[in-house]
Amino acid sequence: MSGKSEDGKGVFAPQTRIVHAGRKPRLAHGFVNPPVYRGSTVLFESLDALIRNDQPYTYGRRGTPTTDCLSEALCELEGGALTVLTSSGLEAVTLAILSFVGAGAHILVTDSVYQPTRRFCDTILSRLGVTTTYYDPTIGTGIGDLMTDKTRIVFTESPGSQTFEMQDIPAIASVTRPRGVVLITDNTWASPLFYRPLDHGVDVSVQAATKYIVGHADAMLGAVTANERSAAALRKTRDALGVCPGSEETYLGHRGLRTLAVRLHRHHQSGLEVAAWLQAQPGVAQVLHPGLPGAPGHDIWARDFAGASGLFSIVLEPGPREAVAAFVDHMRLFAMGYSWGGYESLILPFDPGSYRTATTWRASGPALRLHIGLEDVGDLQRDLADGLARYRDVCRAASPGDGPSIEM
Ligand SMILES: *Cc1c(COP(=O)(O)O)cnc(C)c1O
């Protein structure tokens with residue numbers, strides 16, 4: 001037992017707690033890391049023991065020392081009462097929502113939400129008789145005007161997926177708290193290292209641990225952390241649904257977590273450096289990064305967050321699809337693919353105009369989401385500068401008579 005995580009709550013700095021939280025080396029014969037417990041059946045010594053059912057472990061689905069190690073660590077970092085692990089980030093989102101709704105309920109979801117969260121609301125939830133209203137992410141205390149006596153959840157994500165609007169979470173909490181409405185936030189972008197939602201009035205914090213917690217693009221994993229008043233509903237729903245993560249994935253989440261601070265500080269620095277540099281590059285119309293002074297939502301970010309991760313977006317000057325292809329198809333370091341949060345840099349065209357309903361996406365040109373990995377910043381800037389040059393070349397070659405620019 002390292003002792004420090006139990007004895008030192010609130011005493012040690014977050015990056016120290018990331019190293020020690022949840023670890024119990026003495027239970028593993030002194031080995032620093034927990035073993036990977038693979039198991040379904042857990043044996044009982046006697047009929048009495050079976051009937052008492054009070055062993056620390058009773059069945060694989062309900063948890064193992066490996067899952068406890070990671071869930072206790074995340075719970076301490078988020079400052080919650082209970083953390084439940086899930087097999088993906090999306091499952092963490094759906095478990096969090098299902099824990100607090102029944103037929104006839106109404107929920108409010110930010111228009112900037114991770115798109116598969118929206119799909120869940122529009123399909124499964126609506127089939128179960130739960131209605132969703134999407135709202136402008138910058139609504140603040142105005143959220144009260146959208147509530148009915150059926151409203152059970154306000155779902156937030158700050159900054160928003162792809163477009164990075166910051167939400168005034170304390171302002172929203174000031175409305176949800178007195179009404180007993182559950183406030184959920186998808187905290188994947190900042191991780192518990194850079195933002196602790198429960199300290200700002202949030203009831204339930206969701207992590208796609210697939211991203212920065214795992215940190216190496218080699219496993220799918222999620223986590224839901226609830227405060228005291230929301231923990232029982234979360235536990236009951238987890239047990240009823242049979243949600244549980246794989247043992248290898250849990251171990252990889254644990255392994256990734258221990259280096260989260262050093263990785264995230266580097267993503268923060270490199271991300272801000274590349275974002276500020278991009279602001280001055282020809283062909284770039286807009287950089288959407290709340291950590292940049294003067295950017296939309298920067299004041300909220302500076303007030304509530306301890307750092308920024310490596311994910312942000314840029315909007316290009318208007319240009320045709322072939323110009324975007326010329327940009328992204330020939331990158332040497334930035335690869336194209338879904339997900340993010342690993343050690344490597346990524347680039348992804350997107351079009352929020354295709355699915356938003358409460359707000360209008362008004363960018364004039366194509367948009368690209370960038371994940372700034374752990375590579376050298378100069379190398380990344382050269383790769384982006386070359387890509388932008390290819391983009392401008394194709395734009396220039398396309399005559400004005402070629403028709404309107406397409407949006408990706
Ligand atoms: C990736 C992501 C998820 C889903 O996580 P998966 O592990 O891919 O299911 C949820 N929310 C946000 C903000 C994400 O970026």
Where does segment 67-109 land on the Kirkwood hydrodynamic radius, alpha-carbon pairs, in angstrom?
11.9
What whole-number value in cubic angstrom gives the convex hull volume per residue for the C-alpha atoms of segment 165-219?
76
Gain on full stretching of the segment that runs from Asp149 to Ser174 - 0.36 nm per residue minus C-alpha separation:
7.3 nm
Translational diffusion coefficient of segment 274-402 at 20 °C, 1.002 mPa s, Stokes-Einstein with Kirkwood Rh over Cα pairs, in µm²/s as a whole number.
138
What is the mean projected area of the alpha carbon convex hull for segment 31-167, to one decimal in square nanometres?
12.0
Taking the inverse of the average 1/r across all pairs of different Cα atoms in segment 86-162, what Kirkwood radius in Å do you get?
12.7
Can you pull out the chymotrypsin sites (Phe, Trp or Tyr not before Pro) in segment 15-107 whose DSSP state is coil and whose Cβ has at most 11 other Cβ atoms within 10 Å?
Phe31
Check each of the trypsin sites (Lys or Arg not before Pro) in segment 105-198 and keep only those in coil by DSSP with at most 14 other C-beta atoms within 10 angstrom; list them in order.
Lys150
Carbon + sulfur, % of accessible area of segment 329-395 - ligands and nucleic acids excluded, 1.4 Å:
49
Dimensionless Rg/Rh of segment 211-282 - Kirkwood Rh, Rg from C-alpha atoms:
1.17
Per the Kirkwood formula over distinct C-alpha pairs, the hydrodynamic radius of segment 194-352 in angstrom is 18.1
Distribution output for the chain: share of Cα-Cα pairs per 20 Å bin in percent, first bin at 0, values 26, 54, 18, 1, 0
As an exercise, identify the trypsin sites (Lys or Arg not before Pro) in segment 292-379 lying in DSSP coil whose Cβ has no more than 15 other Cβ atoms within 10 Å.
Arg332, Arg362
Keeping all protein chains in place, calculate the accessible area per residue for the chain (probe 1.4 angstrom), answer in Å².
43
Using just the Cα positions, wrap segment 143-268 in a convex hull and report its mean projected area in square nanometres, one decimal place.
8.9
Relative contact order for the chain using alpha-carbon pairs under 8 Å, separation at least 6, rounded to a whole percent?
16
Please get the size of the charge dipole for the chain, origin at its Cα centre, with Cβ charges of +1 on Lys and Arg and -1 on Asp and Glu, quoted in debye to the nearest 20.
760
Please state, as a whole number in µm²/s, the translational diffusion coefficient that the Stokes-Einstein equation yields for segment 279-332 at 37 °C and 0.692 mPa s, with Rh defined as the Kirkwood radius across alpha carbon pairs.
252
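The values are calculated or read from the model by the stated rules, or taken from the named source; none is laboratory data. Just so it is clear, the structure is predicted and the values come from calculations on it, not from any experiment. Because the Cβ atoms are built from the backbone with ideal geometry, glycine has one as well, and the counts that use them run over all protein chains shown. When the accessible area is computed, the model is the full protein with side chains, heavy atoms only, and any ligands, DNA or RNA have been set aside. Shrake-Rupley method; radii C 1.70, N 1.55, O 1.52, S 1.80 Å.
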